Protein chains: 2
Amino acid sequence: MFEFTVQARSGRARTAQFATPRGTVQTPMFMPVGTQGTVKGISPQELTEIGSQMILGNTYHLMLRPGEALVEAHGGLPGFTAYPGPFLTDSGGFQVMSLGHMRKITEEGVVFKSHLDGSLVNLTPERSVQVQEALGADVIMAFDECPPFPAEREYIRASLERTIRWLERCLTIKRKSEQALFAIVQGGIHEDLRQRSLDLTLPFGTPGFAIGGLAVGESKEEMFPAVAFTAERLPENKPRYLMGVGHPEDLVAGIALGVDMFDCVYPTRTGRFGYALTDVGRLNMNSSAPRRQLEPIDPECDCYACRHYTRAYLAHLLRAEEMLAPRMLSLHNLRYLHRLVERAREAISRGQFTEWATEWGDTYFKGQTPEWFRKALHPETARPD
Amino acid sequence: MFEFTVQARSGRARTAQFATPRGTVQTPMFMPVGTQGTVKGISPQELTEIGSQMILGNTYHLMLRPGEALVEAHGGLPGFTAYPGPFLTDSGGFQVMSLGHMRKITEEGVVFKSHLDGSLVNLTPERSVQVQEALGADVIMAFDECPPFPAEREYIRASLERTIRWLERCLTIKRKSEQALFAIVQGGIHEDLRQRSLDLTLPFGTPGFAIGGLAVGESKEEMFPAVAFTAERLPENKPRYLMGVGHPEDLVAGIALGVDMFDCVYPTRTGRFGYALTDVGRLNMNSSAPRRQLEPIDPECDCYACRHYTRAYLAHLLRAEEMLAPRMLSLHNLRYLHRLVERAREAISRGQFTEWATEWGDTYFKGQTPEWFRKALHPETARPD
């Protein structure tokens, strides 16, 4: 269980199988986010059809509403949401920071006011694991603090050390062997702090490791060197999960640096706002041009929207504020990211990931490929195999 | 083409096949409403799966946005919406009355201000047919006036006579033989005016007839005698369409009186508001009870929502304002009405419609079956066959 079997490598990029109790997934993979027990607007049947593998659920939201006991009464997230495949839940830590009001962080944990009704809620490492056990995901996350950006070096250091003590408490309370708990490496964008976090985290030998504390406001020029530094130092034989990322270009760059798992609300959120992801960048379906275009969003795409609808029709639905518009754009965007990682896996299998990613970037950035992306595709130090 | 073949009768109720260019439909049938070129929240694939047969499009909305030319450029509503089966479009007359501002009705037609941008729009019998020809539905409707309720007898009489002159103009301008134009019988709830409208309308011998001017605010006690009176006097060998109706009990009563076709926004609209249709009445999924119920909305229902979700899950989605809630409740409600007419057809085939409908009513009204419903199931005068 939770075996991670690398099948091919191309530079630092790798493709692997990750065995979970609810099925084996193929990495690199993008995980759609089902914050409140649903990937917004999309049915489980559609998730399966578009090639979703593992779905992310949010501990913070689900513990507040409907409460983890109700989810547990359904047999966990698969029974509650009717998605039969693997799930991953976050620890709630990140969302307490971004959504909770008047939060107070102590050694014990976090006290915050619910964004729903203002009630005081206590979230500790122990409670986080208990909630995640009730939610029943295949992969659960250690309760950590993700400091904001920017934060003082001293704060980040103290925080990452407390996160290690919280990790220890998570592992102590955890009871279910059918759930893999991933530790999270922190340290912001500072190499010495990342190294410190790695030194303290790796000895726990959890079945996977996450790169946390990024995509919180820093630039791509700051973020990707931190990804490169951290990913390179994580074990070869365990999955690496870059949390809360992302955009198409971030997936390609992350894969180049050896990342295996990604999640982000971006494809569904930007879809609800009327944007469609393509190889030539993001189309604004709210603009006037698509209203007269009788071609699909992307003729190469095999999603339901691209097989059935013109841009003109989808643009009409958007203007008319019809529910089918956000539904179809979300579906397309998720399928776009799944196809992107499928193409990346295929290129890795051929041993030509860098070539494929360079060509993809040339098209995507329209010949203006930024330096951070180029650097991610060509990390100076090749990891010794 | 447009042949209507009665296959079985039970009292005044009948089941028939109605042949249209895009496929043969089985009546009695309920037509989901796709006002702006989409049944709100539901994909064409889902419509097919739940047993939808003919979809209604609204001339008023589509001519204003995106304009009929764009729909025509897609090959009409089937190409635009990707629903491959038969369509019916209304004439726009009814919605000008309910949505247009500062409308002015003359012998020529109606001038109104668009509810979208306030621009002045002219809708005449000729323009209505031309728009409907561009939209390309299989069944199109004559441009009529549907007087409000209540209205003066004299107004209703003058209006129904003008509607006849408009019908004549519609038939004169109509060019496409692959579209059946249905005439609409008006006359409010007055038998003599209904008779007058019938006398003037029937000689046109259109391939189907609609009962218009009802479900506009009158009580069920006023409406159903008017349905009974009109339906009984329409030809046996042509479809009868009761416009803008409706609720489950209205479908059962209408079928008892010999109606073949129904349409209404009710199942999708009430679904979006959080209500689920069942044989024991409408469930309010916003109330507190469903939040803890681990059973489906209706264990007898075969819709996606009932096969996959508990009431507790759907109630959670509603509280969390998740898009999947209106989508799933709309889907269930449409399937409920389709199943209802399927059961009605089956009872008619067995020659036991009244028995089935009585039993259905006993459950639905919880033993308090209203007089108007009982009367509809037992019309005093049996139609001579």
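Tabulated values for the structure
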read-out: Residue match in the range B:139-155 (condition: more than 22 Å from the chain's Cα centre (by Cα), in contact (Cβ under 8 Å) with a residue 24 or more places away in the chain and more than 18 Å from B:GLU68 (Cα to Cα)); value: yes
read-out: Restricting the range B:345-382 to residues that are without any contact (Cβ under 8 Å) to a residue 60 or more places away in the chain, within 18 Å of B:GLY281 (Cα to Cα) and not in a helix (DSSP H, G or I), the residue that is most open to solvent (accessible area, probe 1.4 Å); value: B:GLN368
read-out: Pick from the range A:208-248, criterion within 23 Å of A:LEU167 (Cβ to Cβ) and among the small types (Gly, Ala, Ser), ranking: nearest to the chain's Cα centre (by Cα); value: A:GLY244
read-out: Every residue from the range A:237-265 that is over 21 Å from A:PRO86 (Cβ atoms) and in contact (Cβ under 8 Å) with a residue 40 or more places away in the chain; value: A:PRO248, A:GLU249, A:VAL252, A:ALA253, A:ALA256, A:LEU257, A:GLY258
read-out: Residue among A:THR358, A:THR354, A:THR369, A:THR310 that alone is within 12 Å of chain B (Cβ to nearest Cβ) and hydroxyl-bearing (Ser, Thr, Tyr); value: A:THR310
read-out: The range B:276-307, residues that are under 22 Å from B:GLN45 (Cα atoms) and within 12 Å of another protein chain (Cβ to nearest Cβ); value: B:CYS303, B:TYR304, B:ALA305, B:CYS306, B:ARG307
read-out: Test set (1) in contact (Cβ under 8 Å) with a residue 40 or more places away in the chain; (2) open to solvent by less than 20 Å² (accessible area, probe 1.4 Å) - A:LYS220 fails condition number; value: (2)
read-out: Any chance B:PRO207 is within 17 Å of B:MET141 (Cα to Cα) and surrounded by fewer than 22 Cβ atoms within 10 Å (Cβ to Cβ); value: yes
read-out: Residue list for the range A:322-342, filter: more than 9 Å from every other protein chain (Cβ to nearest Cβ) and of a type in the set (Asp, Glu); value: A:GLU342
read-out: Hits in the range B:10-25 - residues which are under 15 Å from B:ASP138 (Cβ atoms) and touching a residue at least 24 places away in the same chain (Cβ under 8 Å); value: B:PHE18, B:THR20, B:PRO21, B:ARG22, B:GLY23, B:VAL25
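For (1) hydrophobic (A, V, I, L, M, F, W, C); (2) assigned by TED's automatic domain parsing to the domain that holds A:LEU329; (3) touching a strand residue (DSSP E or B) at 6+ places or on another chain (Cβ under 9 Å), each residue gets a yes or a no:
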{"residue": "A:PRO235", "(1), (2), (3)": "no, no, yes"}
{"residue": "A:TYR241", "(1), (2), (3)": "no, no, yes"}
{"residue": "A:GLY244", "(1), (2), (3)": "no, no, yes"}
{"residue": "A:ILE255", "(1), (2), (3)": "yes, no, yes"}
{"residue": "A:ASP260", "(1), (2), (3)": "no, no, yes"}
{"residue": "A:LEU277", "(1), (2), (3)": "yes, yes, yes"}
{"residue": "A:VAL280", "(1), (2), (3)": "yes, yes, no"}
{"residue": "A:LEU283", "(1), (2), (3)": "yes, yes, yes"}
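The values are calculated or read from the model by the stated rules, or taken from the named source; none is laboratory data. Everything numeric in this text was worked out from a predicted model, so none of it was measured. Heads up, the Cβs are rebuilt from the backbone with ideal geometry, glycines too, and the neighbour counts pull from every protein chain shown. Just the protein is used for accessible areas: all its heavy atoms, side chains included, with ligands, DNA and RNA removed. Shrake-Rupley method; radii C 1.70, N 1.55, O 1.52, S 1.80 Å.
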